[in-house]
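Shown next, in structure tokens, is the structure this report addresses.
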Amino acid sequence: MAMREASDDLSVVVLASDLGVDGRTLLSPSERRLAEEESGEATWQWHDCMEEDFSDLEQLQFLRLQGSDKAGNRILRIVGKFFPAPVVTVERLKRYVTQKINMDLAEGPFCIVYMHSKVQSGDNNPGMSVLRWIYEDLPSHFKDRLKVVYFLHPGIRSRLAMATLGRWFLTGGLYWKIKYVSRIEYLWEDIRKGQVEIPEIVSEHDEVLEHRPLTDYGIEPDTLHFSEVPTIRHAQDRYGDKWSRDFM
């Protein structure tokens, strides 16, 4: 439970302990800094991470600077499947993103191409609360330079989460910068081919969606073709006479 007192006002935020979410992500940046100061935790400034070694995260290639979209915005490509959320702390992720933007995107507008293909919540999804925390703690001029977020292969769960919680949860105008892209072919409406690399797993997932559109709505494809196997009763009715003639 987090409590904050200002003048005669008292506000209380109660969080269930089994949600698996850091309660500070639901606080505003000023409230979070106050909570960290009261708890004695060390805070960091965005320029403190410039000398930190992130070579291990670089090798994963889940965050890469590539070409530009048709509006001239530099592309920061994020592949959710490549991100090992369980072994990377939120603080280190935040420092890495800040260093990446500051060093590779020192000036000018940029966009994000986020590929959500085959992302599993327990394996490689940092969660909306963490993304909100990282975005809000970025320097204001970074947020102003971010023009659009292309969200490739969002899926029904992501769409529902954004529709129900996005406007309240994603502050600072981030909600209005998100553009959903259901197929790779629609990405080329805003980005010329060759400007952004499409990993093989993303292309494979796109083919699955193209041939089995219901996957977009959370209905898994029948990869084993169980729906084509006749029932026992049907098989007996169809072949019963033949079996009886062969073995009589």
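Averaging Cα coordinates gives a centre for the range 57-77 and one for the range 132-190; these two points are 15 Å apart. Name the shape class, rounded, prolate or oblate, that the alpha-carbon gyration tensor gives for the range 47-171, where a ≥ b ≥ c are the square roots of its eigenvalues, rounded holds for a/c under 1.5, and otherwise prolate holds if a/b is larger than b/c and oblate otherwise. Since a/c stays below 1.5, the shape of the range 47-171 is classed as rounded. Taking only alpha carbon atoms, the range 59-110 gives an Rg to Rh ratio of 1.00, where Rh is the Kirkwood radius. Counting Lys +1, Arg +1, Asp -1, Glu -1, what net charge surrounds L170 among other residues with beta carbon under 10 Å of its beta carbon? In short, +2. Using the Karplus relation 6.51 cos²θ - 1.76 cosθ + 1.60 with θ = phi - 60°, the per-residue 3J(HN,Hα) values for the range 144-151 come to 5, 7, 6, 9, 7, 10, 7, 9 Hz, with x marking Gly and Pro.
Computed over protein heavy atoms with a 1.4 angstrom probe, the accessible surface ordering of E107, E58, largest first, is E107, E58. Across the range 112-151, the fraction of Cα-Cα pairs farther apart than 14 Å, rounded to a whole number, is 59%.
For Y180, the residues whose amide H sits under 5 Å from its own are F151, ignoring neighbours fewer than 5 places away on the same chain, with H placed 1.01 Å from N. Tell me the net charge near N125. Cut-off is 13 Å between Cβ atoms, N125 excluded, with +1 for each Lys or Arg and -1 for each Asp or Glu. After counting each charged neighbour, the total is +2. Projected over all directions and averaged, the alpha-carbon convex hull of the range 74-148 occupies 4.8 nm². Less than 5 angstrom separates the built amide H of V113 from those of L76, R77, I78, Y150, all sequence-distant by 5 or more or on a different chain. Taking a straight line from the alpha carbon of K70, these lysines sit under 17 Å away, with near neighbours fewer than eight places off in the same chain left out: K147, K177, K179, K193.
The values are calculated or read from the model by the stated rules, or taken from the named source; none is laboratory data. Here the structure is a predicted model, which means the values were calculated and not measured. In this analysis, Cβ positions are derived from the backbone assuming ideal geometry, glycine residues included, and neighbour counts consider all displayed protein chains. We work out accessible area using only protein heavy atoms, side chains counted, and drop any ligands, DNA or RNA first. Shrake-Rupley method; radii C 1.70, N 1.55, O 1.52, S 1.80 Å.
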